[in-house]
Amino acid sequence: MFQPTADELRPRTDAGTEVVARDDLLLAIGPLAQQPWSSQVYWTRWAADQVEAGIDDVLAIFRTRRQAFVWLVTDKSTPTSLRERLIARDFITQLEGRILVASLPILGLRVNRELRIEEATDRSRMEDALRVEHPSWDAGRAGPSIEDRMRRLGADWHAAVGYLDGHAVGTARWRVHSDLRAVELNGAETLPGYRRRGVYSSLVAYRTERAAKDGCTVAAIIADVRTSAPILLRRGFEDVGRATFFLWPASRFEPTGPRTTLPRAS
């Protein structure tokens, strides 16, 4: 699911995404050059003495487009030194996570009954979702992401927004893998002032219940070790391995000016 084959990945992507599939790597180049989560390296298969040249090759692919991207490294990534090599090459550790899986239904999740959850099936709700996910973005910056997500809405990719006190306070995404009878929980955010009120767990409950109705029997997520992982591990999810997302920002591909170094996520 998180390290798919090329044949599994291509149906998940829209017309604006380019898939680069070789024997030694699989990556996708999305339509939003400045948004790193639009593009991803899914896996590599290199020997230890090939890794530096391989990293150079990946950077060259994205450099031609000045495309930001994330790189997923799990316990199955090769070589085993890849994580340390990316850190040494100044990649930013964006998310330290654990791959968690659980059978559906999931019991015991805290649900805030005052939270009204609606699927983001129209532009207005998608705008609400982006305002929660990226509160500092103005309309000009959010616009391309909204258009991209509206294109992705369909049978397998979904988004939802949670409302409290008449305001959008939480959002979450998920993807249904019908062939695996599994749901992939892609990410969720809660506005700081509304945390510890059951918003996140309510969105987990909504997504997994919705997926179960769609025939899913398993849920999987790469959960942040600092936030969501502890919550889910108390609710029946099983830890099956480490997963780290590394980030390379588009600003590092600028032809002039000093290279911008962003702080690592703590």
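The values are calculated or read from the model by the stated rules, or taken from the named source; none is laboratory data. All figures in this text were calculated on a predicted structure; none of them were measured in a lab. A quick note on method: Cβ atoms are made from the backbone with ideal geometry, for glycine too, and the neighbour counts reach across all protein chains shown. Remember, those area values only see protein heavy atoms, side chains included, never the ligands or the DNA or RNA. Shrake-Rupley method; radii C 1.70, N 1.55, O 1.52, S 1.80 Å.
Summary table below
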{"item": "Cα centroid of region 159-206 to Cα centroid of region 26-97, whole Å", "result": "27 Å"}
{"item": "Spherically averaged projected area in nm², based on the convex hull that wraps the Cα atoms of region 67-107", "result": "4.6 nm²"}
{"item": "Answer label, with Cα extents along the principal axes in Å calculated from the coordinates and candidates (1) 54, 39, 35; (2) 80, 48, 39; (3) 63, 40, 34", "result": "(1)"}
{"item": "Accessible area per residue, Å², the chain with all protein chains present, probe 1.4 Å", "result": "49 Å²"}
{"item": "Förster-model FRET efficiency, 41 Å R0, Arg195 and Arg151, C-beta, rounded to 0.05", "result": "0.85"}
{"item": "Calculated [θ] (222 nm, deg cm²/dmol) that DSSP helices of n ≥ 4 give over the chain, each run adding -39,500 (n - 2.57)", "result": "-7500 deg cm²/dmol"}
{"item": "Rg ratio (alpha-carbon, reference 2.2 N^0.38 Å) - region 1-123", "result": "1.28"}
{"item": "Note, ³J(HN,Hα) from phi for region 97-109, Karplus 6.51, -1.76, 1.60, rounded to Hz, x at Gly and Pro", "result": "x, 10, 7, 10, 10, 8, 7, 9, x, 9, 9, x, 5"}
{"item": "Net charge over other residues, Cβ less than 10 angstrom from the Cβ of Pro4 (K, R count +1; D, E count -1)", "result": "0"}
{"item": "Karplus-derived HN-Hα couplings along region 68-82 (A = 6.51, B = -1.76, C = 1.60, θ = phi - 60°), whole Hz, x at Gly and Pro", "result": "5, 7, 10, 10, 8, 10, 10, 5, 8, 5, 10, x, 5, 8, 4"}
{"item": "Carbon and sulfur %, accessible surface of region 64-105 computed with the full protein complex present, 1.4 Å", "result": "51 percent"}
{"item": "Net lengthening on full extension, Val225/Ala48 (0.36 nm per residue, minus Cα-Cα)", "result": "60.9 nm"}
{"item": "Estimated translational D of region 90-211 in µm²/s (Stokes, Kirkwood radius over Cα pairs; 10 °C; 1.306 mPa s)", "result": "104 µm²/s"}
{"item": "From phi via Karplus (6.51, -1.76, 1.60), per-residue ³J(HN,Hα) for region 118-124 in Hz, x at Gly/Pro", "result": "10, 6, 8, 9, 9, 5, 4"}
{"item": "Surface share of carbon and sulfur [accessible, 1.4 angstrom probe, percent] for region 111-266", "result": "48 percent"}
{"item": "Length released on extending from His134 to Asn186, taking residue separation times 0.36 nm less the Cα-Cα span", "result": "17.1 nm"}
